[in-house]
Amino acid sequence: MAGIDPTAPEVDDAQPAGETLGSPTSLPFRLDDSYARAVPALSLAWSAAPVPAPRLLTLDEGLADELSLDPAWLRSPDGVALLSGQVPEGVTTVAQAYAGHQFGGYSPRLGDGRALLLGELVDGSGARRDLHLKGSGRTPFARGGDGKAAVGPMLREHVVSAAMHGLGIPTTRALAVVATGETVLRETPLPGAILARVAASHLRVGTFQYAAATGDPALLRSLADYAIARHHPEAAEADEPYLELFRRVTLAQAELVARWSLVGFVHGVMNTDNMTISGETIDYGPCAFLDAYDPATVYSSIDTGGRYAFGNQPAAAQWNLARLGETLILLIAEGTKDTEGADGADGADAAVEAATGVLHEFAERYDRVFVDGMAAKLGLAGLDAAATRDVVRPLVTDLLALLQTHGVDWTSFFRALAAGTAGGHFLDAMAFDAWSARRDALLPDDRAAVAARMDAVNPVYVPRNHRVEEALARATAGDLGPFERLLDAVASPYAERPGLEDLRGPAPAGAPRHITYCGT
């Protein structure tokens, strides 16, 4: 297809044998392919590899209900076959093309190397959602990989994405994980698995980079128009719709990363191919949650320079958005020409100036969402909004310094603050008491109501890194009990429940530094 070069190095572009043994003969719902039809140059029809012995490991029945899918059917042999990529005749699955900056270095051809878009569903609210597989076999974008995935990393994406959803943070979500009955070779042999995940779409900054790199303005325009129609329809009514698309993506990402910061989430691999146009969190590879607060925290084994450290995430997101802006300059220039009468170099200069202005809005939106969020976490959300920011911002700055100096656990601190026991988390009680007195002076008299409001926004349970690793190790060995227990806790993170005390706290003192891996 135009725009895709299937002869790139390290690619075996032979289509896998179209074996469909065990495929359902029909589906009780419709899988649409609006993306493949709207921009056919940005995907390739491809089939999942046959799966020898698919077995359902976990299914999010609540998500199935949202999608108007019958959980009982998904658990049936036909449903499990679909969730492992075996589709009826007439359903075309595709691998999507995209490029991306990975740790700052540009890769012109990435794409779904081990993933497939099964199609699009319209959920109960009328929203269009992608149904997408990860670990379903090699595609022409595989770049030498085997295209498979292991049980542990796929269950990690399930539990962490469920936690993010429970925390109210926009995210792709795992519908199911299916064991394949195969063994995949990484450092050691591991049981194979496929993840079925759901997203508003899988359009990425890297998708726009790929389209722009083809040099075909019509392709780029078609992609932008599709993104506007699917994710930001209000932009179509703006005087400069492509500039407004850029603004809406920028502000959505600013809010997303601010909300990551509020819960101590470290993405670990914020490449441009891992930033969505919809504003959802995507790709839970080397991700983790903070224990002790430190903005320099890095968990990812591959982030040796700390590019995506916890405190660097806002800057990394803004850098990625600058790359998106670069892809849209031609389209923005057309709108600028229409509104200002500029042409040629003047039009391009005006477009760059306009896009730069939008990019500067990122920091303002991030700061507003983060400070307002911290006000809520501290029990100060009832103050006048503008006054809250002026008063809370220095209070937050000083608190963060205290937490870092004393190595205080991020999640536990805020629940302890609501309970009145936070002083015990600090080696220097006097330093905390001085800060606490400043906060106390701002609180209303009804402290019980304040504590209740704080507990509604400060989670008890997050996917503690050591507990995640324990659960994944047990699941890999065949025992899903610890995983299911952890999943149940983090899916409802704000309500403290008896019997889950061991899931609340950080790793014990003296535990080795936690390291996460991308799982590819």
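The values are calculated or read from the model by the stated rules, or taken from the named source; none is laboratory data. Here the structure is a predicted model, which is why all the values come from computation and not from measurement. No Cβ is skipped: glycine too gets one built from the backbone with ideal geometry, and neighbour counts run over all protein chains shown.
Annotations for the structure displayed:
- Top-ranked residue in segment 501-517 [being part of a loop (DSSP other than H, G, I, E, B) and surrounded by 15 or more Cβ atoms within 10 Å (Cβ to Cβ); ranked as modelled with the lowest pLDDT]: Tyr517
- Output for segment 163-191, where each listed residue is more than 22 Å from Asn465 (Cβ to Cβ), within 18 Å of the chain's Cα centre (by Cα) and part of a strand (DSSP E or B): Leu175, Ala176
- Within segment 480-500, being surrounded by 14 or more Cβ atoms within 10 Å (Cβ to Cβ), aliphatic (A, V, I, L, M) and part of a loop (DSSP other than H, G, I, E, B) holds for Leu480, Leu500.
- Scanning segment 284-296 for residues that are surrounded by fewer than 22 Cβ atoms within 10 Å (Cβ to Cβ) and part of a loop (DSSP other than H, G, I, E, B) yields Gly285, Asp294, Pro295, Ala296.
- If you go through segment 249-283 and keep only what is of a type in the set (Ser, Thr, Tyr) and part of a helix (DSSP H, G or I), you end up with Thr250, Ser261, Thr272.
- Set side by side, the residues Ala218, Ala309, Ala316 differ, and just one is in contact with a Phe, Trp or Tyr (Cβ under 6 Å, 6 or more places away or on another chain) and either farther than 19 Å from Thr172 by Cα or among the basic types (Lys, Arg) (or both), which is Ala316.
- Which listed residue is on the phi < 0 side of the Ramachandran plot and touching a residue at least 40 places away in the same chain (Cβ under 8 Å), from Gly505, Gly407: Gly505
- Within segment 37-46, the set of residues being surrounded by 21 or more Cβ atoms within 10 Å (Cβ to Cβ) and touching a strand residue (DSSP E or B) at 6+ places or on another chain (Cβ under 8 Å) comprises Leu42, Ser43, Leu44, Trp46.
- Listed by position, the helices (runs of 4 or more DSSP H) contained in segment 388-473 that have at least 1 residues being at pLDDT below 95 and not aromatic (Phe, Trp, Tyr) are 429-440, 447-455.
- Top-ranked residue of segment 226-240 - restricted to ones that are touching a residue at least 60 places away in the same chain (Cβ under 8 Å) and under 25 Å from the mean Cα position of the chain (by Cα), ranked as farthest from Ala211 (Cα to Cα): Arg230
- The residue of segment 181-195 that is surrounded by the fewest Cβ atoms within 10 Å (Cβ to Cβ), among those that are touching a helix residue (DSSP H, G or I) at 6+ places or on another chain (Cβ under 6 Å) and of a type outside the set (Gly, Ala, Ser), is Pro191.
- Among the conditions (1) touching a residue at least 24 places away in the same chain (Cβ under 8 Å); (2) over 12 Å from Gln253 (Cβ atoms); (3) touching a helix residue (DSSP H, G or I) at 6+ places or on another chain (Cβ under 8 Å); (4) surrounded by fewer than 19 Cβ atoms within 10 Å (Cβ to Cβ), Ala322 misses just one, which is (2).
- Segment 49-73: number of residues that are touching a strand residue (DSSP E or B) at 6+ places or on another chain (Cβ under 6 Å) and of a type outside the set (Ser, Thr, Tyr): 11
- Comparison of Leu262, Leu243, Leu220, Leu256 shows that the only residue that is closer than 14 Å to Leu203 by Cβ and outside the structural domain of Gly100 (by TED's automatic domain parsing) is Leu220.
- Qualifying residue in segment 262-274 (condition: among the hydroxyl-bearing types (Ser, Thr, Tyr), more than 26 Å from Gly505 (Cα to Cα), buried (at least 23 other Cβ atoms within 10 Å of the Cβ) and in contact (Cβ under 8 Å) with a residue 12 or more places away in the chain): yes
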